[in-house]
Amino acid sequence: MKIPTEKIDLSPRAEFLRPILENWFVVLRRFLDQRGAEKDNAWWYNERASVGTLAAAAWLAGGTALEEYSAIKGEYVGKGKDLEDSFPGRVDIHVTHKRSSWVGEAKHHWVNLSKGKQGGGELETAIDFAETDVKQDKGEAEIRIALVFAVPNMKESESHEQEALVAPWLAMTEDLGLDAIASFYPCFGERNEYKGKYFPGVTLLMKVQSD
(Lines give C-alpha, C1' and ligand atoms only; values in the text may rest on other atoms or scores of the structure.)
Protein backbone atom coordinates (compact mmCIF):
# COMPACT_ATOMS: atom_id res chain seq x y z
CA MET A 1 0.00 0.00 0.00
CA LYS A 2 1.37 3.38 -1.02
CA ILE A 3 1.06 5.90 1.81
CA PRO A 4 0.64 9.54 0.72
CA THR A 5 3.32 11.94 1.94
CA GLU A 6 0.69 14.35 3.27
CA LYS A 7 -2.89 13.63 4.29
CA ILE A 8 -5.48 15.50 6.34
CA ASP A 9 -8.82 14.05 7.52
CA LEU A 10 -11.20 16.43 9.32
CA SER A 11 -14.65 16.22 10.85
CA PRO A 12 -16.96 19.12 9.93
CA ARG A 13 -16.43 20.84 13.28
CA ALA A 14 -12.65 20.72 12.83
CA GLU A 15 -12.52 22.23 9.35
CA PHE A 16 -11.18 25.48 10.82
CA LEU A 17 -7.91 23.63 11.51
CA ARG A 18 -7.14 22.93 7.84
CA PRO A 19 -4.99 26.03 7.11
CA ILE A 20 -2.86 25.40 10.19
CA LEU A 21 -2.39 21.71 9.43
CA GLU A 22 -1.46 22.46 5.83
CA ASN A 23 1.16 24.87 7.09
CA TRP A 24 2.31 22.29 9.63
CA PHE A 25 3.39 20.18 6.67
CA VAL A 26 5.26 23.22 5.31
CA VAL A 27 7.10 23.63 8.62
CA LEU A 28 8.10 19.96 8.78
CA ARG A 29 9.24 20.00 5.16
CA ARG A 30 11.28 23.17 5.70
CA PHE A 31 13.00 21.55 8.67
CA LEU A 32 13.88 18.54 6.53
CA ASP A 33 15.25 20.76 3.77
CA GLN A 34 17.30 22.92 6.15
CA ARG A 35 18.68 19.95 8.11
CA GLY A 36 19.26 17.68 5.13
CA ALA A 37 22.99 17.31 5.66
CA GLU A 38 22.39 16.05 9.21
CA LYS A 39 19.53 13.74 8.15
CA ASP A 40 17.47 15.31 10.91
CA ASN A 41 13.68 15.25 11.47
CA ALA A 42 11.54 17.49 13.66
CA TRP A 43 9.29 14.69 14.90
CA TRP A 44 11.75 12.41 16.67
CA TYR A 45 12.54 14.72 19.58
CA ASN A 46 9.86 15.31 22.23
CA GLU A 47 6.54 16.93 23.04
CA ARG A 48 7.95 20.42 23.45
CA ALA A 49 9.64 20.37 20.05
CA SER A 50 6.51 19.00 18.38
CA VAL A 51 4.29 21.69 19.90
CA GLY A 52 6.76 24.23 18.55
CA THR A 53 6.22 22.99 14.99
CA LEU A 54 2.45 23.42 15.37
CA ALA A 55 2.89 26.93 16.78
CA ALA A 56 5.13 27.81 13.84
CA ALA A 57 2.41 26.57 11.50
CA ALA A 58 -0.15 28.87 13.15
CA TRP A 59 2.08 31.89 12.60
CA LEU A 60 2.81 30.83 9.03
CA ALA A 61 -0.95 30.56 8.37
CA GLY A 62 -1.39 34.18 9.44
CA GLY A 63 -2.47 33.46 13.01
CA THR A 64 -0.76 33.71 16.39
CA ALA A 65 0.38 31.13 18.91
CA LEU A 66 1.58 31.15 22.49
CA GLU A 67 3.37 28.14 23.94
CA GLU A 68 3.95 26.84 27.45
CA TYR A 69 2.42 29.82 29.23
CA SER A 70 1.29 30.17 32.85
CA ALA A 71 -2.44 29.95 33.56
CA ILE A 72 -4.93 29.23 36.32
CA LYS A 73 -6.40 25.83 35.59
CA GLY A 74 -9.30 23.83 36.95
CA GLU A 75 -12.82 22.63 36.32
CA TYR A 76 -14.46 25.76 37.74
CA VAL A 77 -12.22 28.50 36.38
CA GLY A 78 -14.28 31.11 34.53
CA LYS A 79 -17.57 29.68 35.78
CA GLY A 80 -18.12 32.07 38.68
CA LYS A 81 -17.73 29.29 41.22
CA ASP A 82 -15.37 28.78 44.13
CA LEU A 83 -11.78 28.87 42.89
CA GLU A 84 -10.50 26.52 45.59
CA ASP A 85 -10.60 23.79 42.96
CA SER A 86 -8.32 25.79 40.68
CA PHE A 87 -4.54 25.57 40.59
CA PRO A 88 -1.59 27.25 38.84
CA GLY A 89 -0.30 25.45 35.79
CA ARG A 90 0.75 25.79 32.18
CA VAL A 91 -1.07 25.51 28.89
CA ASP A 92 0.83 23.80 26.06
CA ILE A 93 -0.46 26.01 23.23
CA HIS A 94 -2.99 28.75 22.52
CA VAL A 95 -3.78 29.52 18.87
CA THR A 96 -5.78 32.32 17.32
CA HIS A 97 -6.46 32.18 13.59
CA LYS A 98 -9.08 34.33 11.88
CA ARG A 99 -12.30 33.80 13.88
CA SER A 100 -11.17 30.76 15.84
CA SER A 101 -9.32 30.70 19.13
CA TRP A 102 -8.39 27.49 20.90
CA VAL A 103 -6.08 25.93 23.44
CA GLY A 104 -4.42 22.54 23.24
CA GLU A 105 -2.77 20.06 25.55
CA ALA A 106 -0.32 17.71 23.88
CA LYS A 107 1.32 14.34 24.32
CA HIS A 108 4.23 12.90 22.35
CA HIS A 109 3.73 9.19 21.78
CA TRP A 110 6.19 6.65 20.40
CA VAL A 111 4.42 3.92 18.42
CA ASN A 112 6.39 0.67 18.28
CA LEU A 113 5.34 -1.05 15.05
CA SER A 114 7.83 -3.88 15.12
CA LYS A 115 6.20 -7.14 14.13
CA GLY A 116 3.53 -8.33 16.51
CA LYS A 117 2.84 -4.85 17.88
CA GLN A 118 0.16 -2.41 16.69
CA GLY A 119 0.41 0.38 19.27
CA GLY A 120 -3.36 0.87 19.45
CA GLY A 121 -4.14 0.58 23.16
CA GLU A 122 -1.27 2.78 24.31
CA LEU A 123 -2.22 5.38 21.72
CA GLU A 124 -5.77 5.57 23.07
CA THR A 125 -4.32 6.04 26.55
CA ALA A 126 -2.24 8.98 25.31
CA ILE A 127 -5.37 10.55 23.80
CA ASP A 128 -7.23 10.07 27.10
CA PHE A 129 -4.40 11.76 29.03
CA ALA A 130 -4.44 14.73 26.65
CA GLU A 131 -8.23 14.99 27.02
CA THR A 132 -7.96 14.95 30.81
CA ASP A 133 -5.39 17.74 30.72
CA VAL A 134 -7.29 19.97 28.31
CA LYS A 135 -10.48 19.74 30.39
CA GLN A 136 -8.62 21.80 32.99
CA ASP A 137 -8.29 24.69 30.52
CA LYS A 138 -11.94 25.80 30.55
CA GLY A 139 -11.02 29.34 31.54
CA GLU A 140 -8.68 29.79 28.58
CA ALA A 141 -10.87 29.25 25.50
CA GLU A 142 -14.25 27.88 24.48
CA ILE A 143 -12.56 25.44 22.10
CA ARG A 144 -10.10 23.01 23.63
CA ILE A 145 -8.20 20.35 21.71
CA ALA A 146 -6.47 17.20 22.90
CA LEU A 147 -3.35 16.65 20.77
CA VAL A 148 -1.17 13.58 20.31
CA PHE A 149 1.94 13.63 18.15
CA ALA A 150 2.28 9.92 17.32
CA VAL A 151 5.62 8.76 15.91
CA PRO A 152 5.74 5.22 14.48
CA ASN A 153 9.04 3.40 14.57
CA MET A 154 10.37 -0.03 13.76
CA LYS A 155 13.60 -2.03 13.98
CA GLU A 156 16.38 -1.57 11.46
CA SER A 157 15.89 -5.19 10.34
CA GLU A 158 12.34 -4.25 9.30
CA SER A 159 13.30 -1.14 7.34
CA HIS A 160 12.24 -2.71 4.03
CA GLU A 161 8.72 -3.16 5.46
CA GLN A 162 8.14 0.37 6.70
CA GLU A 163 5.06 1.19 4.63
CA ALA A 164 3.57 -2.27 5.20
CA LEU A 165 3.89 -1.77 8.97
CA VAL A 166 2.63 1.83 9.04
CA ALA A 167 -0.40 1.35 6.75
CA PRO A 168 -2.56 -0.81 9.08
CA TRP A 169 -1.71 1.42 12.03
CA LEU A 170 -2.84 4.50 10.10
CA ALA A 171 -6.05 2.70 9.16
CA MET A 172 -6.64 1.93 12.84
CA THR A 173 -6.42 5.63 13.79
CA GLU A 174 -9.41 6.33 11.54
CA ASP A 175 -11.60 4.29 13.90
CA LEU A 176 -10.76 6.26 17.05
CA GLY A 177 -13.52 8.85 16.69
CA LEU A 178 -11.16 11.80 16.34
CA ASP A 179 -11.85 15.20 14.78
CA ALA A 180 -8.58 15.63 12.92
CA ILE A 181 -5.81 13.36 11.69
CA ALA A 182 -2.85 14.89 9.88
CA SER A 183 -0.15 12.52 8.62
CA PHE A 184 3.25 13.40 7.20
CA TYR A 185 5.39 10.51 5.88
CA PRO A 186 8.17 11.72 3.57
CA CYS A 187 10.94 9.46 4.80
CA PHE A 188 10.43 5.84 3.84
CA GLY A 189 14.15 5.26 3.35
CA GLU A 190 17.56 5.59 4.96
CA ARG A 191 17.02 9.22 5.91
CA ASN A 192 14.93 8.37 8.97
CA GLU A 193 17.29 6.00 10.81
CA TYR A 194 18.52 6.73 14.34
CA LYS A 195 20.22 4.31 16.73
CA GLY A 196 19.02 1.21 14.93
CA LYS A 197 15.39 2.31 14.54
CA TYR A 198 13.48 3.90 11.66
CA PHE A 199 11.10 6.86 12.06
CA PRO A 200 9.40 7.46 8.70
CA GLY A 201 7.05 10.25 9.76
CA VAL A 202 4.48 11.56 12.21
CA THR A 203 0.72 11.63 12.68
CA LEU A 204 -0.99 14.42 14.61
CA LEU A 205 -4.25 13.26 16.23
CA MET A 206 -6.73 15.87 17.50
CA LYS A 207 -9.95 15.65 19.48
CA VAL A 208 -12.04 18.81 19.90
CA GLN A 209 -13.92 19.74 23.06
CA SER A 210 -16.16 22.78 23.36
CA ASP A 211 -18.75 24.24 25.74
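Quick rundown of the values:
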read-out	value
Number of the condition not met by Val148 [criteria: (1) in contact with a His (Cβ under 9 Å, 6 or more places away or on another chain); (2) at pLDDT below 90]	(2)
Of all residues making up region 165-207, the number that are in contact (Cβ under 8 Å) with a residue 60 or more places away in the chain and in contact with a Gly (Cβ under 9 Å, 6 or more places away or on another chain)	11
Test: residue in region 67-76 that is over 22 Å from Val208 (Cβ atoms), at pLDDT below 95, aliphatic (A, V, I, L, M) and touching a strand residue (DSSP E or B) at 6+ places or on another chain (Cβ under 9 Å)	yes
Residue match in region 11-21 (condition: assigned to a helix (DSSP H, G or I), in contact with a Leu (Cβ under 8 Å, 6 or more places away or on another chain) and not aliphatic (A, V, I, L, M))	yes
Gln162 being without any contact (Cβ under 8 Å) to a residue 40 or more places away in the chain, buried (at least 20 other Cβ atoms within 10 Å of the Cβ) and more than 21 Å from Asn46 (Cα to Cα)	yes
Among residues of region 165-207, those that are among the small types (Gly, Ala, Ser) and either crowded, with 21+ Cβ neighbours inside 10 Å or modelled with pLDDT under 90 (or both), counted	6
Every pair of residues 6+ apart whose Cβ atoms lie under 6 Å, when the first sits in region 11-29 and is surrounded by 15 or more Cβ atoms within 10 Å (Cβ to Cβ) while the second is of a type in the set (A, V, I, L, M) and not in a helix (DSSP H, G or I)	Ala14/Ala180; Ala14/Val208; Leu17/Ala180; Pro19/Ala61; Ile20/Ala61; Leu21/Ile8; Leu21/Ala182; Asn23/Ala61
Cβ-Cβ under 8 Å pairs, at least 6 apart or on other chains, region 37-64 side surrounded by fewer than 14 Cβ atoms within 10 Å (Cβ to Cβ), far side in a loop (DSSP other than H, G, I, E, B)	Gly62/Lys98
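The values are calculated or read from the model by the stated rules, or taken from the named source; none is laboratory data. Source: prediction; values computed, not measured. Using ideal geometry, Cβ is built from the backbone for each residue, glycine included, and neighbour counts are taken over all protein chains shown.
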